Amino acid sequence: MSRVPVKMTINGRAVEALIEPRTLLIHFLREQAGLTGAHIGCDTSHCGACTVDLNAMSVKSCTVFAIQANGAEIVTIEGMAAADGTLHALQDGFRQMHGLQCGYCTPGMIMRAHSLLKENPNPSEDEIRIGISGNLCRCTGYQNIVKSIQYAAAKINGVPYQEAAE
Amino acid sequence: MNDMTPTQAERTGKLEGLGCRRKRTEDIRFTQGRGNYVDDLKLPGMLFGDFVRSSHPHARIKSIDTSKALALPGVKAVLTAADLKPLKLHYMPTLAGDVAAVLADDKVLFQNQEIAFVVAEDRYIAADATELVEVEYEALPVVVDPFQAMAPDAPVLREDIKDKMDGAHGPRKHPNHIFNWQVGDKQGTDAVFDTAEVTTKDLFVYHRTHPSPLETCQCVASMDKIKGELTVWGTFQAPHVIRTVVSILSGIAEHKVHVIAPDIGGGFGNKVGVYPGYVCAIVASIVLGVPVKWVEDRMENLSTTSFARDYHMTTELAATKDGKILAMRIHVLADHGAFDACADPSRWPAGFMNICTGSYDIPVAHLEVDGVYTNKASGGVAYRCSFRVTEAVYSIERAIEVLAHKLGMDSVDLRMKNFIKAEQFPYHSALGWEYDSGNYHVAMQKAMDAVGYPALRAEQKTRQEAFRRGETRQLLGIGVSFFTEIVGAGPSRNCDILGVGMFDSAEIRIHPTGSIVARMGTKSQGQGHETTYAQIIATELGIPADDITVEEGNTDTAPYGLGTYGSRSTPVAGAATAMAARKIRAKAQMIAAHLLEVSEYDVEWDIDRFKVKGLPEKFKTMKEIAWAAYNNLPPGMEPGLEAVNYYDPPNMTYPFGAYFCVMDIDVDTGVAKTRRFYALDDCGTRINPMIIEGQVHGGLTEAFAVAMGQEITYDAQGNVMGASFMDFFLPTAVETPKWETDFTVTPSPHHPIGAKGVGESPHVGGVPCFSNAVNDAFAFLEAGHIPMPHHAWRLWKVADGLGLHA
Ligand code: FES
Ligand code: FES
């Protein structure tokens, strides 16, 4: 099949490649760019395991052709920690609050939460639940994911994290 | 002692051992996208396999034409049954003593069954090529309803075994019959039923569903033709068993088969078995001499690899008028699909279904299970439960509610009246189990107090009156369940998989500088083993958990074990871990005595050190002892400090719990809203409460899904419905209720640290709790038993059937 050139910035790094036009962004990221953090969990755009930031918006990268990301700015889970290795507040929050078990949904969940907190830096529990409803988790029951995001929001906002009473 | 000396509490705290809410080791890589899952693997020259699947549920295959697919550039091979037959691999043995087709031979038995395996340069070409394989079918009549499977004129499904009327578990009554399994005293039970004051009889259908972990099943097989060695990376909950099976099937000596289970994205029972994808990838790699990857898509996962449940349970209780249960009788019709591929221990065709007397002291009981073939996918796996325990608990916990309603008794009172009493443990059940420990009355009372049970019942009464007066359209349901699990399979005297006893193992090695590497025969799929096993070792050996690396899944380095399912890791490998650590501590004691120049009997263990009795300032820490183990040993002692233990458990463990659910149901929309869910679990000694709570949250969420909507159905023509996340209900954060967790601690008397296992309890107890809440909401309208799943449309229909929309 004929190939077309694409160019994008992934985690601050310029990437150029020749791809089949039908290549999905998730496959491009995982198999050509070598970034296996984002995962594939379904065929129907339901699970969100493949979520990344595309021009500062959450997208399900299984539902975007790589060519559609031509010229775009992509951030994946691999781009979340600081250059010196310091974890992003969300990465820390998920660990502190036990927001993951098998870890398969986690990169997508963190990337979704990342955009969510940009849209709404101080979300209520319900806003978080609605905000992550495009991301499925089979392991955690979401309760600790909600807390992880609240923990991260507090950390980003520079306020002490207060656990809501159960 | 000066102020700088750490206190005992400080020394204990530093270990992060048993009971610590220790943050998970594995999260450091997972939160950075550095997990290492099967599909992340990319090997030079790797090819990609994909299946051609049957569009028919039951049909003869008249021809398969692969020529167009083979002509597509990039396609390297197309395997069909004709290629596998000479290798005797077109069928493979199942764990249940049956065989299952790898690639359909002359007929297909369920929709989406594997027919051909296309191998191509990348996954897109492989997918294209599957479309080019032409299969000609001759449709056959379909059996979907298990109750029709044994009709005299039912079409014969399994022609390959139609003359083999002696199955793996005794005689078969019909070509579509798999086994008849009976436990208990039939005569004694029947006699009680004949004269009992009160009896109940209901058909409880536990519908077909699927474990559906977020990562599907997948593998990479890589044959090194020069060395004659095969490496298989895969989503294996039981990697060592897979290695043995692969060796037997392929004829490659077991030491030349390397099976590796890397990080696994959830299992829940889906990843125990051997699937055609694994076999085909391995065969393709052997034939082509290059690595071959196979990754299921979600549709394939839901419709082919290992469904769960599909148990049709006719459950009867006999009792006195005042609510003393006298006997239980159950007949189960078990729909196993096209092949008997249940992942149960070999001698248990219906798993541990005979735990169905539940938490109650029922003097006599009889259980009979008939397994049948239908034109559906095979499986029958333990989806987040020990083998068939979730079915058993659903059956008894629904029956208790039905009986309470018939007696006009509160169902909690009925439970309290019939619970096994604390002093009866170890308790021998009518159907043959020895419950290790329990304190049911205390747990139930604690749960009732926590939810304010009497006030809830009062509110419900008020609501019912208001409903009758037409002042509200909301019903209030109070769901109760009390469950006893049976986990930790199991003693090798009655549990084996393909003849291998169901022990498990741990190997612990202390390095000279006092850090540890430990390896187990189990395999975490998200349960956090790297964190919790380290905590067991930390407490046993006084080395901080942070200095302990736990490895699982590489069968070359880890000791042989039977894997992780049926909540067996803590009960079995957790026990092995403690036992191996104790062997090390015994040797360390001798080394310490030698270093302290006293007799072995004059030193005693103190958190992280051996000290001289009565002289606490004279001690050697475990770290110091570790160093000495490599350079300063008692004369004649073998150097090094390591141990391995294979633990054959003396008994199962029996975790239990009391759950309450409060639910509002709108009769006009059928929408059910869980207002409150409280779960009290007793899993014995608690290793890491944070992880336990996480397991309970996850298990309850899966229970909520199953009870309230998750289902794999088939239409009358055998078309599988619900094979994508469009139709298969996986709750999001919005629908999922909030969970309250609580606990009591009743240690297992036979487990070295008293732990019982917890991962599956919330699913086992949660499903009946939700279903009981729904049933309880409608019970005052005499709705009878309302079958699961309880999604809005079905609840609306229940309300409609009761005339509530008139
Ligand atoms: S893989 Fe499921 S939404 Fe993208
Ligand atoms: S942690 Fe396993 S799917 Fe979310």
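Pairwise inverse Cα distances across the range B:138-180, averaged and inverted, put the Kirkwood hydrodynamic radius at 11.0 Å. Over the range B:241-312, the reciprocal of the mean inverse Cα-Cα separation, the Kirkwood hydrodynamic radius, stands at 14.0 Å.
For B:Lys62, the aspartates and glutamates whose Cα comes closer than 12 Å to its Cα, not counting residues fewer than 8 places off in the same chain, are B:Asp105, B:Asp106, B:Glu134, B:Glu136, B:Glu138.
Largest first, the extents of the alpha carbon coordinates of chain A on the three principal axes equal 58, 34, 25 Å.
Our summary gives chain B a relative contact order of 15 percent, counting only alpha carbon pairs under 8 angstrom and 6 or more residues apart. Pairs B:Lys76/B:Lys225; B:Lys417/B:Lys738; B:Lys162/B:Lys271; A:Lys118/B:Lys738; B:Lys14/B:Lys613: which are spaced more than 20 Å apart, C-alpha to C-alpha? Where the Cα-Cα span goes over 20 Å, the pairs concerned are B:Lys417/B:Lys738; B:Lys162/B:Lys271; A:Lys118/B:Lys738; B:Lys14/B:Lys613. Think of it as helices only: each DSSP H run of n ≥ 4 in the protein assembly as shown is worth -39500 (n - 2.57), and spread over all residues that comes to -8500 deg cm²/dmol at 222 nm. Per-residue mean of foreign Cβ neighbours for B:721-728 is 3 (Cβ atoms of other chains, 10 Å radius). For the range B:153-241, the residue among B:Thr235, B:Val220, B:Pro155 whose Cα projects farthest onto the positive side of the dipole built from Cβ charges is B:Val220. One way to sum up the overall shape of the range B:321-443 is the equivalent ellipsoid from its Cα gyration tensor, whose semi-axes run 29, 17, 12 Å, largest first. Sorting A:41-47, B:154-160, B:591-597, A:118-124 by average packing, meaning the other beta carbons within 10 Å per residue, from highest down gives A:41-47, B:591-597, B:154-160, A:118-124. Considering every alpha-carbon pair of the protein assembly as shown, the percent of pairs per 20 Å bin, from zero through the bin containing the longest distance, is 13, 44, 35, 7, 0.
If you sort B:Asp504, B:Asp145, B:Asp163, B:Asp666 by accessible surface, 1.4 Å probe, largest first, the order is B:Asp163, B:Asp145, B:Asp666, B:Asp504.
In this structure, the residue pairs whose Cα-Cα separation is over 29 Å, taken from B:Lys227/B:Lys293; B:Lys85/B:Lys293; B:Lys107/B:Lys201, are B:Lys107/B:Lys201. Based on the reciprocal of the average 1/r between different C-alpha atoms, the Kirkwood radius for the range B:18-67 equals 16.7 Å. Taking the Cα atoms of the range B:625-676, the ratio Rg/Rh between the radius of gyration and the Kirkwood radius comes to 1.62.
Across all C-alpha atoms in the range B:427-490, the radius of gyration and Dmax reach 18.3, 56 Å. Note on the range A:4-79: Cα-Cα pairs beyond 16 Å make up 39% of the total pair count.
Considering only Cα atoms, the convex hull volume of the range B:5-110 works out to 272 Å³ per residue.
The range B:317-383 and the range A:94-132 have Cα centres spaced 41 Å apart. Considering only Cα atoms, the convex hull volume of the range B:159-210 works out to 155 Å³ per residue. Relative to the Cα centre, the charge distribution of the range B:29-155, modelled as +1 at Lys and Arg Cβ and -1 at Asp and Glu Cβ, gives a dipole magnitude of about 440 debye.
Charged side chains reduced to their Cβ positions (Lys and Arg at +1, Asp and Glu at -1) give the range A:4-79 a dipole of some 40 debye around its Cα centre.
Taking a sphere under 14 Å around the Cβ of B:Gly267 and counting the other residues whose Cβ falls inside, with K and R at +1 and D and E at -1, yields a net charge of -1.
An ellipsoid equivalent to the range B:698-806, defined through the eigenvalues of its Cα gyration tensor, has semi-axes of 32, 20, 13 Å when rounded to whole angstrom and sorted largest first. If R0 equals 22 Å, the separation of the Cβ atoms of B:Thr314 and B:Ala151 corresponds to a calculated FRET efficiency of about 0.75. Translational diffusion of chain B, estimated by Stokes-Einstein from the Kirkwood radius over alpha carbon pairs at 4 °C in a medium of 1.567 mPa s, is 46 µm² per second. Per residue, the convex hull around the alpha carbon atoms of the range A:89-156 comes to 67 Å³. Dipole check for the range A:89-156: with +1 at the C-beta of Lys and Arg, -1 at the C-beta of Asp and Glu, and the Cα centre as origin, the magnitude is about 180 Debye. Compared with the dominant principal axis of the Cα atoms in chain A, helix A:143-157 is inclined by about 90°. Using the Stokes-Einstein relation with a Kirkwood hydrodynamic radius computed over Cα pairs, the translational diffusion coefficient of the range B:605-644 at 10 °C and a viscosity of 1.306 mPa s comes to 142 µm²/s. Based on alpha carbons, the Rg and Dmax found for the range B:214-275 are 11.7, 38 Å. Site pair B:Ile28 and B:Ser67 shows an inter-label distance of 6.0 nm when each label is modelled 7 Å from Cα along Cα→Cβ. In the range B:392-431, Rg over Rh equals 1.03, where Rg is the alpha-carbon radius of gyration and Rh the Kirkwood radius from pairwise Cα distances.
Our summary of shape: the Cα atoms of the range B:54-140 have principal axis extents of 40, 27, 21 Å, ordered from largest down, in whole angstrom. For the modelled label position 7 Å from the Cα of B:Asp185 along Cα-to-Cβ, which residues of the range B:367-406 have backbone nitrogen atoms closer than 18 Å? In the range B:367-406, the label zone of B:Asp185 (backbone N under 18 Å from the point 7 Å along Cα→Cβ) covers B:367-368.
The values are calculated or read from the model by the stated rules, or taken from the named source; none is laboratory data. Everything quoted here is computed from the prediction, not taken from an experiment. Glycine also receives a Cβ, built like all others from the backbone with ideal geometry; neighbour counts cover every protein chain displayed. Surface accessibility is based on the protein's heavy atoms, side chains included, excluding ligands, DNA and RNA. Shrake-Rupley method; radii C 1.70, N 1.55, O 1.52, S 1.80 Å.
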